[in-house]
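Peer 1: Please read through the structure below; I'll follow up with questions.
The values are calculated or read from the model by the stated rules, or taken from the named source; none is laboratory data. Being a predicted model, the structure only gives us computed values, none of them experimental. Here Cβ is always computed from backbone atoms with ideal geometry, including for glycine, and neighbour counts include all displayed protein chains.
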Amino acid sequence: VGLAAVVGSAAVISACQEKLTSPAECPGLCPGGPQTLFETVLSPLAGLDSSFHTYVAPGQGSALLVSSGLAASEDRAVYRFVTRQDSITVRDTARAYTVDSVLITLNLVARDTLVGGLKVMLFRIPPAVDSTATFESVDPALVDANLIDTIAVPDSVHSGEIKTVLRGSAVDRAAIPPGTGGVLAMGLRVTASAPTGIRVGSLAGGNAATFVSYLTVDVPDTGSVRHQFLSRATEFNTFVTQNRPLPDPTLLTVGGDSSSRSILRFELPAQLRDSATIVRATLELIPAHPLLGLPGDPAVLEAHAVLADLGAKSPIATIASNPLFVVTDTIPDGTTDTLRLEVTRLVKLWQASTDRPPAIFLLLQPEAATFTRAAFGSSNPASPVGPPRLLVTYQLPFPFEIP
Amino acid sequence: VRRVILLLLLAGTPAVGAAQSSQFGVRGLGLPGRSLSVHALATGGSFGLFDPESSLNPAALAGFPALTAVFSGMEDFRHVENPAGTASVRESRFPQMAVGGQIRRYPLALGLGFSNYTSRDFTLATADTVPLRDILIPVHDTVTSKGGLSDLSIGVAYRIQEHWAVGGSFHILTGTNRVSAHRSFADTVYQPTSQNSEISFAGVGVELGMMRSFGPRFAVAAIARSDGRARVDRDSADVSRVDLPYTFGLGLRWQVRPKLTLASQGLFRTWSGANSDLLEQGGTGADNTFEVAFGGEFTPDVRRPARRPLRFGVRYGSLPFPLVIGGQAHEFGLSIGSGVRFAQERAGIDLGVEHVWRAAGPYSERAFLVSVGVTVRP
């Protein structure tokens, strides 16, 4: 029994768990002293913060812009549909048809939900419209004489399909006369109870407008052969902007119809690069003017880690491949406040790999598909506002060796 | 034999257990170990200089009756108090292992020992606020250390006639502190930090010891030891040197009755030699230490002295590394224990319980140290 008790005691003692944590106060129980934090401010390398433009051409973004009186910009959208042939082959014979009705469908991506009475007006424009179109060449065609239809968008509809069906004599407004190539092109403008804008679907977004014609074919049949429809997708789309602002070379521009991007290059001090533990790094950007956009539809400012510094064509981390190294923040409409992006992981990346340049690429999403265009102060001496700042909070190695 | 195997397995089960010290081992090199077997711990350490299973006196190796292996484990149940609060902590450690025995046909005994020289195991948690970007941010810090210095010794004892034994030993002092510091912020936009490092130590020491019996009932033991200087590296980079102490000890043993033996010992260590080194590195320095112990062993059956003896002891001493400059800590301990031998005395278990009080200014702690020792004589 005695032996069993002894063995039992040994087993109990041997199986005990450790619990080491106890409270402490400095300096008595702080070997090495308290953990000290430091702060520093880094500025971009002078002359090496630059903006690059036209990464995505208007119309190649995920949406098209249409606006009326919006402070950010005045825009018109343009769709050109795939050619609709003027006959249909039935039983090896090309046969004429008559159009009974037409369905035109648009995709509303975003609107200012606080502005009611939204109407989208569709106008026929010359079918030769292409990427050379300008506001000045498109807008004069958006007159009543060319009106196809007006789509009244209920205030409760914030996004999704909006459509119009033309029947009877209204079909003539979308008619494609024989011998004109079978192409329908249309321009969009909007009206509402107040200045506003909308974003509508595009080819790149996979939700561009569609044009469906319901036909009666000239055949002695009463079934499906006689009653057919032709669906035509968008072949080309774009939007045009009135008085396109040219990017100011003294500023860092991101977004806008030019889909500008900017790169900021820094030099990480040796103390930070070698041995510091980065606790927080914040990129501060000072707007050069109010950052106007579509109210209720904020753009997203993204800061990307640069994988290799090749200037405008630098490969960057993407949300799909390196989501940890992309920082995002929304830009409220009209803000003039300094924008702050927490780029701690990006700065830590500069420490972790000497192959990664200490640079940040800024861009605005959705590119070439947002009303917002941001311009920030740069290191250029002519910049009207101050340059970006990188605020870094860090710890130096803890002096463990202090007994 | 099965019991021996079973006990060895039991003792070896928590292989990941680590040494632990106390809040008074946070500074300097940590809390000094005692190099005592469970047998000697149960007597407050008073028999340490005469105990071959301890690693205090190389001359005591002459007391091994045969080849013997000793392994001890300790569980520490501690209540800590300091200005930051209180906590109950619990740790496991394996502070002492030894193998030794007589060399046939020679009056020589040889021994190998593995002792805890200092242990610096702790996890300290603090809370504070720090001003960052003009805002006070609450932070929580923890500093953790695991490890310490171990004392690997090889000793030899030589018996001269019946009453004298002298011995010498060589000590390798080595060990690593795996240290880490963590900080988390109440504002999660500040990323938590974690830093790790290894502080390693290396040094050597030599020791001389003697035992002298004056008849069958009285004996005296003494030691002198020098541990030289320890080299301190951080992550393999040489950062400093620390003077280690000289140790002087004297012990007395007196068999008052056939059933009762009393013993006492005193140890003095010149830790103040490390004072300037530690201060120079930003530490709180070091002070000389002493320890006095008194204890006894009561044997109910003198014909079978290994059958459930009652051991008891008391000790008082000082600790070398103050938490604040000039605030040397002291400790007081009461201990009791017993043991059994079985398998024709080829195996045995010793148990010891010590209640320890340590204090220095507003810092104090009390602990129950429960020790189990396993002895095997194959």
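Peer 1: Please work out which residue is surrounded by the fewest Cβ atoms within 10 Å (Cβ to Cβ), limiting yourself to segment A:171-213 and to residues that are aliphatic (A, V, I, L, M) and in a strand (DSSP E or B).
Peer 2: By that ranking, first place goes to A:VAL212.
Peer 1: What about B:GLY85, is it within 8 Å of chain A (Cβ to nearest Cβ), of a type outside the set (Asp, Glu), surrounded by fewer than 17 Cβ atoms within 10 Å (Cβ to Cβ) and under 30 Å from B:ARG27 (Cα atoms)?
Peer 2: Values: within 8 Å of chain A (Cβ to nearest Cβ): yes; of a type outside the set (Asp, Glu): yes; surrounded by fewer than 17 Cβ atoms within 10 Å (Cβ to Cβ): yes; under 30 Å from B:ARG27 (Cα atoms): yes.
Here the answer is yes, as B:GLY85 does meet what is asked.
Peer 1: Could you pull out the residue among A:LEU64, A:LEU106, A:LEU45 that is more than 14 Å from chain B (Cβ to nearest Cβ), under 30 Å from A:VAL279 (Cβ atoms) and surrounded by 14 or more Cβ atoms within 10 Å (Cβ to Cβ)? Give the steps one after another, and end with the answer.
Peer 2: On the way: A:LEU64 fails: under 30 Å from A:VAL279 (Cβ atoms); A:LEU106 fails: under 30 Å from A:VAL279 (Cβ atoms).
Criteria check complete, one pass: A:LEU45.
Peer 1: Specify which of the listed residues (B:GLY73, B:GLY63, B:GLY45, B:GLY28) is closer than 26 Å to B:THR299 by Cα, modelled with pLDDT of 90 or more and within 10 Å of chain A (Cβ to nearest Cβ). Walk me through how you get there before you give the answer.
Peer 2: Values: B:GLY63 fails: within 10 Å of chain A (Cβ to nearest Cβ); B:GLY45 fails: within 10 Å of chain A (Cβ to nearest Cβ); B:GLY28 fails: closer than 26 Å to B:THR299 by Cα.
None of the other options fit; the residue is B:GLY73.
Peer 1: Can you name the condition, by its number, that A:SER51 falls short on among (1) within 22 Å of the chain's Cα centre (by Cα); (2) more than 30 Å from A:ALA281 (Cα to Cα); (3) not aliphatic (A, V, I, L, M); (4) not in a loop (DSSP other than H, G, I, E, B)?
Peer 2: Unmet condition: (2).
Peer 1: Still on this model: Scan segment A:352-375 residue by residue and report those that are in a loop (DSSP other than H, G, I, E, B) and surrounded by 18 or more Cβ atoms within 10 Å (Cβ to Cβ). Talk me through it step by step, then tell me what you get.
Peer 2: Applying the first criterion (in a loop (DSSP other than H, G, I, E, B)) to segment A:352-375 yields A:353-358, A:366-372.
If the condition is that a residue be in a loop (DSSP other than H, G, I, E, B) and surrounded by 18 or more Cβ atoms within 10 Å (Cβ to Cβ), then A:ARG356, A:PRO357, A:PRO358, A:PRO366, A:GLU367, A:ALA368, A:ALA369, A:THR370, A:PHE371, A:THR372 are the ones that fit.
Peer 1: Here's a follow-up. So A:PRO154 ticks every box in (1) over 18 Å from A:ARG124 (Cα atoms); (2) surrounded by 12 or more Cβ atoms within 10 Å (Cβ to Cβ); (3) not polar (S, T, N, Q) but one. Which box is left unticked?
Peer 2: (2)
Peer 1: Inspect segment B:208-229 for any residue being at positive phi and either aliphatic (A, V, I, L, M) or in contact (Cβ under 8 Å) with a residue 12 or more places away in the chain (or both) and give the result as yes or no. First the steps, then the outcome.
Peer 2: Pass one, segment B:208-229, residues at positive phi: B:215, B:228.
Restricting the remaining residues to those that are either aliphatic (A, V, I, L, M) or in contact (Cβ under 8 Å) with a residue 12 or more places away in the chain (or both) gives B:228.
Yes, segment B:208-229 has at least one match.
Peer 1: Touching a Phe, Trp or Tyr at 6+ places or on another chain (Cβ under 8 Å), among the basic types (Lys, Arg) and farther than 30 Å from A:ILE198 by Cα: is that true of A:ARG345 in this structure?
Peer 2: Values: touching a Phe, Trp or Tyr at 6+ places or on another chain (Cβ under 8 Å): yes; among the basic types (Lys, Arg): yes; farther than 30 Å from A:ILE198 by Cα: yes.
Judged against the criteria, A:ARG345 is a match.
Peer 1: State the number of residues belonging to segment B:107-133 that are crowded, with 24+ Cβ neighbours inside 10 Å, over 22 Å from B:ASP76 (Cβ atoms) and aliphatic (A, V, I, L, M).
Peer 2: Residues in segment B:107-133 being crowded, with 24+ Cβ neighbours inside 10 Å, over 22 Å from B:ASP76 (Cβ atoms) and aliphatic (A, V, I, L, M): 1 in total.
Peer 1: Hey, among B:GLN344, B:GLN328, which residue is in contact (Cβ under 8 Å) with a residue 24 or more places away in the chain and in a loop (DSSP other than H, G, I, E, B)?
Peer 2: Details: B:GLN344 fails: in contact (Cβ under 8 Å) with a residue 24 or more places away in the chain.
Just a single option satisfies the conditions, and that option is B:GLN328.
Peer 1: Which of the residues that make up segment B:367-377 are aliphatic (A, V, I, L, M) and either within 13 Å of chain A (Cβ to nearest Cβ) or within 30 Å of A:GLU25 (Cα to Cα) (or both)?
Peer 2: Applying the first criterion (aliphatic (A, V, I, L, M)) to segment B:367-377 yields B:367, B:369-370, B:372, B:374, B:376.
Result: B:ALA367, B:LEU369, B:VAL370, B:VAL372, B:VAL374.
Peer 1: Could you please find all residues in segment A:255-306 being among the hydroxyl-bearing types (Ser, Thr, Tyr), surrounded by fewer than 22 Cβ atoms within 10 Å (Cβ to Cβ) and not in a strand (DSSP E or B)?
Peer 2: A:SER275
Peer 1: Then there is this: Read through the list (1) assigned to a helix (DSSP H, G or I); (2) within 13 Å of A:GLU302 (Cβ to Cβ), then give the number of the only condition that A:LEU349 fails.
Peer 2: Here A:LEU349 clears every test but (2).
Peer 1: Here is a follow-up. Which residue pairs have Cβ atoms under 7 Å apart, sit 6 or more places apart or on different chains, and have a first residue in segment B:88-99 that is within 10 Å of chain A (Cβ to nearest Cβ) and a second that is surrounded by fewer than 18 Cβ atoms within 10 Å (Cβ to Cβ) and of a type in the set (Phe, Trp, Tyr)?
Peer 2: Filtered contacts from segment B:88-99: B:ARG90/B:PHE77.
Peer 1: Within the bounds of segment A:328-345, is there any residue that is assigned to a helix (DSSP H, G or I), in contact with a strand residue (DSSP E or B) (Cβ under 8 Å, 6 or more places away or on another chain) and of a type in the set (D, E, K, R)? Break it down into steps so the answer makes sense when it comes.
Peer 2: Initially, segment A:328-345 is screened for residues assigned to a helix (DSSP H, G or I), giving A:344-345.
In the following step, the residues that additionally are in contact with a strand residue (DSSP E or B) (Cβ under 8 Å, 6 or more places away or on another chain) were identified as A:344-345.
Filter once more, so that each one left must be of a type in the set (D, E, K, R): A:345.
Scanning segment A:328-345, I find at least one residue that is assigned to a helix (DSSP H, G or I), in contact with a strand residue (DSSP E or B) (Cβ under 8 Å, 6 or more places away or on another chain) and of a type in the set (D, E, K, R), so the answer is yes.
Peer 1: Which members of segment B:236-289 meet the condition of being in a strand (DSSP E or B), under 22 Å from the mean Cα position of the chain (by Cα), aliphatic (A, V, I, L, M) and under 25 Å from A:PRO399 (Cα atoms)?
Peer 2: The one that is in a strand (DSSP E or B), under 22 Å from the mean Cα position of the chain (by Cα), aliphatic (A, V, I, L, M) and under 25 Å from A:PRO399 (Cα atoms): B:VAL242.
Peer 1: Exactly one of these conditions fails for B:GLY282: (1) within 14 Å of another protein chain (Cβ to nearest Cβ); (2) touching a residue at least 24 places away in the same chain (Cβ under 8 Å). Give me its number.
Peer 2: Here B:GLY282 clears every test but (2).
Peer 1: For segment B:136-152, state whether one or more residues are surrounded by fewer than 14 Cβ atoms within 10 Å (Cβ to Cβ), out of contact with any strand residue (DSSP E or B) (no Cβ under 7 Å at 6 or more places or on another chain) and without any contact (Cβ under 8 Å) to a residue 24 or more places away in the chain. Even if it seems obvious, please write down each step before you answer.
Peer 2: Here is the first cut: in segment B:136-152, the ones surrounded by fewer than 14 Cβ atoms within 10 Å (Cβ to Cβ) are B:136, B:138.
Still in the running and out of contact with any strand residue (DSSP E or B) (no Cβ under 7 Å at 6 or more places or on another chain): none.
Within segment B:136-152, none of the residues are surrounded by fewer than 14 Cβ atoms within 10 Å (Cβ to Cβ), out of contact with any strand residue (DSSP E or B) (no Cβ under 7 Å at 6 or more places or on another chain) and without any contact (Cβ under 8 Å) to a residue 24 or more places away in the chain.
Peer 1: Oh, and also: Do we find that A:ASP218 is among the charged types (D, E, K, R), surrounded by fewer than 17 Cβ atoms within 10 Å (Cβ to Cβ) and in contact (Cβ under 8 Å) with a residue 12 or more places away in the chain in this structure? If you could, list the steps in order and put the result at the bottom.
Peer 2: Details: among the charged types (D, E, K, R): yes; surrounded by fewer than 17 Cβ atoms within 10 Å (Cβ to Cβ): yes; in contact (Cβ under 8 Å) with a residue 12 or more places away in the chain: yes.
Considered against the rule, which asks whether it is among the charged types (D, E, K, R), surrounded by fewer than 17 Cβ atoms within 10 Å (Cβ to Cβ) and in contact (Cβ under 8 Å) with a residue 12 or more places away in the chain, A:ASP218 comes out as yes.
Peer 1: Going through B:ASP141, B:ASP134, B:ASP151, B:ASP128 one at a time, which residue ends up being more than 9 Å from chain A (Cβ to nearest Cβ) and more than 30 Å from B:GLY228 (Cβ to Cβ)?
Peer 2: Working: B:ASP141 fails: more than 9 Å from chain A (Cβ to nearest Cβ); B:ASP151 fails: more than 30 Å from B:GLY228 (Cβ to Cβ); B:ASP128 fails: more than 9 Å from chain A (Cβ to nearest Cβ).
Answer to the selection: B:ASP134.
Peer 1: Every residue in segment A:376-398 that is within 14 Å of chain B (Cβ to nearest Cβ), part of a loop (DSSP other than H, G, I, E, B) and buried (at least 18 other Cβ atoms within 10 Å of the Cβ), please. Full working, then the answer.
Peer 2: So the first thing to find is which residues in segment A:376-398 are within 14 Å of chain B (Cβ to nearest Cβ), and the list is A:389-398.
If we keep only those that are part of a loop (DSSP other than H, G, I, E, B) too, we end up with A:396-398.
Correct list: A:PHE398 only.
Peer 1: Another question, if that's okay. Just give me the residues in segment B:338-366 being under 19 Å from B:GLY73 (Cβ atoms), of a type outside the set (D, E, K, R) and away from chain A (no Cβ under 12 Å), in sequence order.
Peer 2: B:HIS355, B:VAL356
Peer 1: OK, next. Exactly one condition in (1) under 19 Å from A:SER43 (Cβ atoms); (2) within 11 Å of another protein chain (Cβ to nearest Cβ) is not met by A:THR338; state its number.
Peer 2: Every listed condition holds for A:THR338 apart from (2).
Peer 1: Here's another thing I want to ask about it. When you go through B:LEU334, B:LEU319, B:LEU351, B:LEU310 one by one, which is the residue that is within 22 Å of B:VAL374 (Cβ to Cβ) and in contact with an Asp or Glu (Cβ under 9 Å, 6 or more places away or on another chain)? It would help to see each step written out before you state the result.
Peer 2: On the way: B:LEU334 fails: within 22 Å of B:VAL374 (Cβ to Cβ); B:LEU319 fails: within 22 Å of B:VAL374 (Cβ to Cβ); B:LEU351 fails: in contact with an Asp or Glu (Cβ under 9 Å, 6 or more places away or on another chain).
On inspection, the qualifying residue turns out to be B:LEU310.
Peer 1: Only one residue in B:PHE321, B:PHE294, B:PHE312, B:PHE298 is of a type outside the set (Asp, Glu) and surrounded by fewer than 17 Cβ atoms within 10 Å (Cβ to Cβ), so which one is that?
Peer 2: Working: B:PHE321 fails: surrounded by fewer than 17 Cβ atoms within 10 Å (Cβ to Cβ); B:PHE294 fails: surrounded by fewer than 17 Cβ atoms within 10 Å (Cβ to Cβ); B:PHE312 fails: surrounded by fewer than 17 Cβ atoms within 10 Å (Cβ to Cβ).
None of the others qualify; the one that does is B:PHE298.
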